[in-house]
Amino acid sequence: MDTFAQSLWSALARPRIPRPALATDVDVDILICGGGFMGLSTALHLARAGVTVAVAEGKEVGFGASGRNTGFVVPSLKTAIGPEDVIDRMGPIFAERLVSLVGQSGDIVFDLVRDLSLDCDAEQSGWLQPAHSRAMLAVVDRRAREWQRRGTDVVMLDRAATAQQVGADVYHGALFVRSGGQINPLAYARGLADACIAAGVHLFEDTPISGFERTGNGWRALASQGSVRAKRVLLATNGLVGALVPEVDASIIPARVFQIATQRYDCATQSQILPNRMPVADTRRHTFAVRWSPDGRLMTGGLVVAGPRAVQRAQAKFSERLARFFPGLEKPQAAHAWTGTIAVTIDSYPRFMSVAPNMDAIIGCNGRGVALTTALGRELARHYAGTGENFVLPQEKPKAIPMRRLAALAPSLWLPFSEFRDARESARA
Ligand SMILES: Cc1cc2nc3c(=O)[nH]c(=O)nc-3n(C[C@H](O)[C@H](O)[C@H](O)COP(=O)(O)OP(=O)(O)OC[C@H]3O[C@@H](n4cnc5c(N)ncnc54)[C@H](O)[C@@H]3O)c2cc1C
């Protein structure tokens, strides 16, 4: 059973305005498949640049990862990837563009929220990445210096300051990125959809695209009750691409991420734990991430080994994890529990793929997509509309992950081993 309706965000976001399903034949410059942040941000910025654009969403806006995530606005790639790593991996031209965009991505989200007056509980309270071991303290300290050299507003907090910000004295210090923060992601997605409509985007919900036919240099995208003819197609389907374009699906591992929101806590508790409402995601291999919801609940989540009753096991596991971190806390109970799918790439970098002439896919923000998809969408729109410089990611052909069926088991195999190592390092520390 799908858990979208069980999420805290479904309970908190203002009711959705349903959009019509595609019921005729439509002609546009660009069709975007997928109504998550990536599709919506690209569509909004394209429409603002005068390009005619349609978005076809298979279910409803935000139904994918965008409406189900924790709402951390994180101006950073995965923990293992700092600015210098990007340069080593991508070479100076693309790397500098990508690093600069990642560094600005928090401001891009919050500026857009302000610009569009989006009602999505946005709090630019900063983002904290505490180090769970001395070795990781050295890593985040190096990261801080790399970002500072680029003029990004980040600082290192010492052990005492970190304990004060977290409300628990379990870390060696932390990287603090001022431009980060938190939002209600479903409300943000719905607000972006409203802005898309206002900008002239043709937005269709309940419109799963089932296939594509070539027409001249462009494409006809097929849905059950109509079709969209477009000069160009962008797949923004993330981990849910499935059989629509098998070569894109083969280039990622879809991973299921679990999320809980506890009962509500009183003001006294909220003033002790994360008193400045900064979302926290630490350096463990299996990251401990925690934030306050707008209505006073603690939210956390992560992976559990796949199998029956996984949601129930996640509820128990993450409630216990919260209780371990915050021992004085009234026993956490999972009042809401839900799951979503992220697209994991083999090296944790996002991908911009050329699937066929005039058909691209942009995918793979690896669980760090709230800020990055918004920022990438803006840049991709500029690139397509010819109003920006070259895009920030190199375009490549989809590359199948070797032994993908086995690789799909990787999160479950990786998890117990990583948790064991995290626990050992924390105990030593
Ligand atoms: C539980 C969870 C917690 C997370 N927490 C965070 C966080 O705190 N911070 C952060 O930065 N990132 C987080 N992420 C990652 C972040 O949510 C994603 O990187 C981001 O939302 C991806 O956006 P997207 O638009 O690329 O994809 P999605 O939001 O997944 O959108 C893809 C859309 O494509 C649609 N679609 C698929 N196939 C078709 C088709 N054939 N026809 C039409 N439509 C189709 C789907 O219905 C879906 O709506 C989290 C993810 C999960 C699952």
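A count restricted to region 413-429 and to residues that are open to solvent by 30 Å² or more (accessible area, probe 1.4 Å) and either at positive phi or not aromatic (Phe, Trp, Tyr) (or both) stands at 11.
Residue count for region 57-68 satisfying the condition of being within 7 Å of the ligand (Cβ to nearest atom) and surrounded by fewer than 24 Cβ atoms within 10 Å (Cβ to Cβ): 3. The set of residues in region 214-239 that are in contact with a Lys or Arg (Cβ under 6 Å, 6 or more places away or on another chain) and either without any contact (Cβ under 8 Å) to a residue 12 or more places away in the chain or surrounded by 18 or more Cβ atoms within 10 Å (Cβ to Cβ) (or both) comprises Gly218, Arg220, Ser227. When Ala268 is tested against (1) more than 24 Å from Asp121 (Cα to Cα); (2) in a helix (DSSP H, G or I), exactly one condition is not met: (1).
Residue by residue, here is whether (1) more than 22 Å from Ala423 (Cα to Cα); (2) among the charged types (D, E, K, R); (3) buried (at least 22 other Cβ atoms within 10 Å of the Cβ) holds:
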| position | (1), (2), (3) |
| --- | --- |
| Tyr265 | yes, no, no |
| Ser271 | yes, no, no |
| Arg277 | yes, yes, no |
| Val280 | no, no, yes |
| Thr283 | no, no, yes |
| Val305 | no, no, no |
| Pro308 | yes, no, no |
| Gln312 | yes, no, no |
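Looking across region 220-237 at every residue that is under 15 Å from Ser354 (Cα atoms) and of a type outside the set (D, E, K, R), the one that is farthest from the chain's Cα centre (by Cα) is identified as Val233.
Within region 88-104, if we keep just the residues that are modelled with pLDDT of 90 or more and among the aliphatic types (A, V, I, L, M), the residue that is nearest to Arg142 (Cα to Cα) turns out to be Val99. Restricting attention to region 37-56 and to residues that are outside any helix (DSSP H, G or I) and either modelled with pLDDT under 95 or open to solvent by 20 Å² or more (accessible area, probe 1.4 Å) (or both), the residue that is farthest from the ligand (Cβ to nearest atom) turns out to be Gly50. Of the helices (runs of 4 or more DSSP H) lying entirely inside region 60-167, those containing at least 3 residues that are closer than 20 Å to Val370 by Cβ are 92-115.
Anything in region 168-179 that is in a loop (DSSP other than H, G, I, E, B) and crowded, with 24+ Cβ neighbours inside 10 Å? List them, or say none. Quick ask: steps written out before the conclusion?
At the first step, the residues of region 168-179 found to be in a loop (DSSP other than H, G, I, E, B) are 168-173, 178-179.
Selection gives Tyr171 alone.
The values are calculated or read from the model by the stated rules, or taken from the named source; none is laboratory data. Worth saying up front: this structure is predicted, and the values here are computed from it rather than measured. Heads up, the Cβs are rebuilt from the backbone with ideal geometry, glycines too, and the neighbour counts pull from every protein chain shown. Just the protein is used for accessible areas: all its heavy atoms, side chains included, with ligands, DNA and RNA removed. Shrake-Rupley method; radii C 1.70, N 1.55, O 1.52, S 1.80 Å.
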